[in-house]
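Peer 1: Can you read through this structure? Questions will come right after.
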Amino acid sequence: MSLHESGEDYLEAILMLQEKNGSVRSIDVVQHLGYSKPSISRAMSILRANGYITMEADGRLLLTPLGEETARSVYERHQFLTRWLVRLGVSPEVAARDACRIEHDISPETFACLKRHTGEA
């Protein structure tokens with residue numbers, strides 16, 4: 001299944017929260033992204049149905065191998081693009097916002113070329 005931008009954002013948020021806090025519940029994603037509880041609940045159902053996450057009996061969200069691979073890929077693009085934009089002179093806040101938009105649309109080929117060009121490949 002091809003994920004939409006929002007699905008990638010949810011997976012990235014789960015990964016970031018998991019690395020920061022150790023465990024993640026839907027309410028943590030609500031607070032992190034600022035979306036409504038019903039929106040997060042629906043998104044988690046879709047991610048679960050498509051094999052990106054599992055939900056434990058106690059409500060903890062866990063990334064499946066597919067979910068983790070996808071989340072790490074999105075997060076890597078986000079971090080790289082933020083650093084690159086900051087090095088170009090963009091303020092950190094604007095760079096992070098712009099990177100969040102670019103990370104979903106940049107092709108794997110272009111991303112690989114940017115990484116090679118900057119010496120991060």
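Peer 1: If I go through segment 1-15 residue by residue, how many of them are over 15 Å from Ser41 (Cα atoms), of a type outside the set (Asp, Glu) and open to solvent by less than 60 Å² (accessible area, probe 1.4 Å)?
Peer 2: Within segment 1-15, residues that are over 15 Å from Ser41 (Cα atoms), of a type outside the set (Asp, Glu) and open to solvent by less than 60 Å² (accessible area, probe 1.4 Å) number 2.
Peer 1: Which of the residues belonging to segment 81-120 are within 13 Å of the chain's Cα centre (by Cα) and among the aromatic types (Phe, Trp, Tyr)?
Peer 2: Hits for segment 81-120: nothing passes.
Peer 1: Here's a follow-up. If I filter segment 106-121 down to residues being of a type in the set (A, V, I, L, M, F, W, C) and more than 26 Å from Ala43 (Cα to Cα), which single residue comes out as most open to solvent (accessible area, probe 1.4 Å)?
Peer 2: By that ranking, first place goes to Ala121.
Peer 1: Here is a list: Glu69, Glu103. Which entry is closer than 21 Å to Asn50 by Cβ, open to solvent by 70 Å² or more (accessible area, probe 1.4 Å) and among the acidic types (Asp, Glu)?
Peer 2: Selected residue: Glu69, the only one of Glu69, Glu103 that is closer than 21 Å to Asn50 by Cβ, open to solvent by 70 Å² or more (accessible area, probe 1.4 Å) and among the acidic types (Asp, Glu).
Peer 1: Based on this model, can you work out whether Leu88 counts as aliphatic (A, V, I, L, M), more than 29 Å from Ser26 (Cβ to Cβ) and surrounded by fewer than 14 Cβ atoms within 10 Å (Cβ to Cβ)?
Peer 2: Answer is yes for this residue.
Peer 1: I would also like to ask the following. List the pairs whose first member sits in segment 95-121 and is basic (Lys, Arg), whose second member is surrounded by 12 or more Cβ atoms within 10 Å (Cβ to Cβ) and at pLDDT 95 or above, and whose Cβ atoms are under 9 Å apart, counting only residues at least 6 apart or on separate chains?
Peer 2: Lys115/Phe80
Peer 1: Here is a list of conditions, (1) within 14 Å of Ile14 (Cα to Cα); (2) open to solvent by less than 80 Å² (accessible area, probe 1.4 Å); (3) in contact (Cβ under 8 Å) with a residue 40 or more places away in the chain, and Asn50 meets all of them except one; can you say which number that is?
Peer 2: (1) is the only condition that Asn50 fails.
The values are calculated or read from the model by the stated rules, or taken from the named source; none is laboratory data. Keep in mind it's a predicted model, so treat the numbers as computed, not measured. All Cβ positions, even for glycine, are placed from backbone atoms using ideal geometry, and neighbour counts span all protein chains on display. Protein only, heavy atoms only, side chains kept; ligands, DNA and RNA dropped before computing areas. Shrake-Rupley method; radii C 1.70, N 1.55, O 1.52, S 1.80 Å.
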